[in-house]
Each structure stands twice: as C-alpha cells, then as structure tokens.
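The values are calculated or read from the model by the stated rules, or taken from the named source; none is laboratory data. Everything numeric here is computed off the predicted structure, so don't read it as measured data. Because the Cβ atoms are built from the backbone with ideal geometry, glycine has one as well, and the counts that use them run over all protein chains shown.
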Amino acid sequence: MGFVWHFLIGPVLAFLPVRWRERLPYGKDLDWVRTATASGIYEMLGAVVGLGYWYMYEMTRRIGEIVDLGESGKLGPGVNDNQVRGAALFLFYMSPLTLVLFYFFFEGAVRLCAGAFTETALGSLPLYVTERLVFWVRKPEEARVMERVKKHASLFAESLRERAMVARLEEVEDEVAYSARGGEEWLEIRASRRKQEWVAPKVVRVGDVYYRLEESWVGSGARPFCYRLRRLPAGVPGRSVIVYKVGG
C-alpha cells in the first residue's frame, strides 16, 4: 500500500466502523492505526477551517442583523459596538453548526490520540452508532442489547458498592481457617480487600501445599471477601499458580 492509500484514501475510510472496514477490498492490507491517526488530524484541521469560514460568515450576518434592529429602534437606546459583537458571538456559539464543528474537532483529537498513543484505530462515532443500529435491526437475536446494557449497569453498580464498602474498611491481615469434610481438606480465607487474580478454578500454593479455588463470595464484616479452596493431592509449579503466604 502506497502513499495515496495510507494518507489520502485510507484516512477517509478510517471514519468507518471496524465491521465495515473489514469488508473493504483492501481492508486487511491497510495499516489502520496509521490511517486513523492521519484521519484524526484531517478531521481536526477540517473542523478548524470550517469554524473559521463559518465564524466570518455568521458573525458578519449576525452583526448586520443586530445593527439593523438597533437602527430601527427595536433594541432600545444606548447599544454600543461591544454589546453588538457580544450578542453576535453568543448567537454564533449557540448555532447548531458551530456545535457540530466543535464536536468533530474534539472527535478528531480523540481519534488522533487513540491512534498515536494507544494504537487504536477509532472510527467516527456517528457512523459507529449507525452501524450498531443496522446490526441490531438485522440480527436482533445476536445483539441482545438490553441484556448487555443490564449486565454492564449491574457490574458498574456492583463496582461502586464495593468501592464504597472498601473505603469504610480498615485494611487488616487475612483470616485463615482449615477444615476437613468428606475426607477432603479445605482452606477458607477471609480478606478485607479483594484478591483480583483469585478467579476459580485458579491454583494457589500455600507453603508446599497446593489448593484449587472452588468458590468466592462477598460477605460482611471486617473481612467481607471470602475464598474457599480445596487441597489437591499434588501440584505442579507454574507461572499461573498463585503463591499465598499466610500472614503475609
């Protein structure tokens, strides 16, 4: 792919959502991070140029209208040039086209930073929303919009509740309890902070003994984060094994 594709045609195509890009004839050959970065720059420059021309046109028009109103006596006496320019500037900022141009300027900045600093090729948000709506209409059984919204809302609310709960708790040492049931040995750990990597069925080594994390839950008290582990007859050291020190 040459200069024309990467810096002329590619940046235009980079406005498209990922699904639409993948269907293009040369979609898999383009460096989308580079083209999306250039696309963000072009979008910002286009918005700045558009704002400049729109400012000159709209301010001239608004000032003319306000002056005409003043000369006809509809604005009352004592209207000076600063008031006229201030009113025209206010009307300019409240114009829908001004807001749209400002939006595309900030969207271009976000897309530029995403490509330059995170190597993420973001498309234009309006086109992304359009693509999602088309997808949901054509394949409602795959979209499951409300289920996903409810799931994310539930996870977000749970995260907020957990943060609020942890903020009120003093950080203390874990409480460790050993037990035996049905010929198997169990280890229960209660902690004042969540152990982020402890997701079942992770293997945990305590000293020279290996356990498998069977379940975890959030309770109450000074140590609400609970983990129940079952002892394994043998264990194999590895990078995925969590090493836990009692009292550490």
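For the reader, a short list of remarks on this structure follows.
- Exactly one residue out of Glu185, Glu171 is surrounded by 11 or more Cβ atoms within 10 Å (Cβ to Cβ), modelled with pLDDT of 80 or more and under 30 Å from Arg239 (Cβ atoms), and it is Glu185.
- Within the option set Gly115, Gly50, being closer than 16 Å to Gly10 by Cα and either surrounded by 15 or more Cβ atoms within 10 Å (Cβ to Cβ) or in contact with a helix residue (DSSP H, G or I) (Cβ under 7 Å, 6 or more places away or on another chain) (or both) holds for one residue only, Gly115.
Okay, residues lined up against (1) under 30 Å from Cys113 (Cβ atoms); (2) free of Cβ contacts under 8 Å to residues at least 60 places away in the same chain:
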{"position": "Val33", "(1), (2)": "yes, no"}
{"position": "Thr37", "(1), (2)": "yes, no"}
{"position": "Tyr55", "(1), (2)": "yes, yes"}
{"position": "Glu58", "(1), (2)": "yes, yes"}
{"position": "Arg61", "(1), (2)": "no, yes"}
{"position": "Val67", "(1), (2)": "no, yes"}
{"position": "Gly70", "(1), (2)": "no, yes"}
{"position": "Ala88", "(1), (2)": "no, yes"}
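- Any hit, the stretch 216-227, residues being farther than 30 Å from Arg132 by Cβ and out of contact with any strand residue (DSSP E or B) (no Cβ under 9 Å at 6 or more places or on another chain): yes
Okay, residues lined up against (1) of a type in the set (Gly, Ala, Ser); (2) more than 30 Å from Ala121 (Cβ to Cβ); (3) assigned to a helix (DSSP H, G or I):
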position	(1), (2), (3)
Glu43	no, no, yes
Glu58	no, yes, yes
Arg61	no, yes, yes
Gly64	yes, yes, yes
Leu69	no, yes, yes
Leu75	no, yes, no
Leu97	no, no, yes
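- Any hit, the stretch 224-231, residues being without any contact (Cβ under 8 Å) to a residue 40 or more places away in the chain and of a type in the set (Ser, Thr, Tyr): yes
- Odd one out for Tyr53 among (1) within 32 Å of the chain's Cα centre (by Cα); (2) modelled with pLDDT of 90 or more: (1)
- Breaking point among (1) at pLDDT below 90; (2) more than 34 Å from the chain's Cα centre (by Cα); (3) among the hydrophobic types (A, V, I, L, M, F, W, C), for Leu229: (1)
- Single residue of the stretch 22-37 satisfying the filter (surrounded by fewer than 21 Cβ atoms within 10 Å (Cβ to Cβ) and in a helix (DSSP H, G or I)) that is modelled with the lowest pLDDT: Glu22
- Residues in the stretch 75-86 that are surrounded by 10 or more Cβ atoms within 10 Å (Cβ to Cβ) and either charged (D, E, K, R) or in contact (Cβ under 8 Å) with a residue 40 or more places away in the chain (or both): Arg85 only.
- Between Ala87, Ala36, Ala14, the distinction of being farther than 28 Å from Ser124 by Cβ and among the aliphatic types (A, V, I, L, M) belongs to Ala87 only.
- With respect to the conditions (1) among the aliphatic types (A, V, I, L, M); (2) surrounded by 13 or more Cβ atoms within 10 Å (Cβ to Cβ); (3) in contact with a Ser or Thr (Cβ under 6 Å, 6 or more places away or on another chain), Leu125 lacks only one, and its number is (3).
- Only listed residue being closer than 20 Å to Lys245 by Cβ, free of Cβ contacts under 8 Å to residues at least 60 places away in the same chain and among the acidic types (Asp, Glu), chosen from Glu175, Glu214, Glu184, Glu162: Glu175
- Complete set of residues in the stretch 79-125 that are at pLDDT 90 or above and hydroxyl-bearing (Ser, Thr, Tyr): Tyr93, Ser95, Thr98, Tyr103, Ser124
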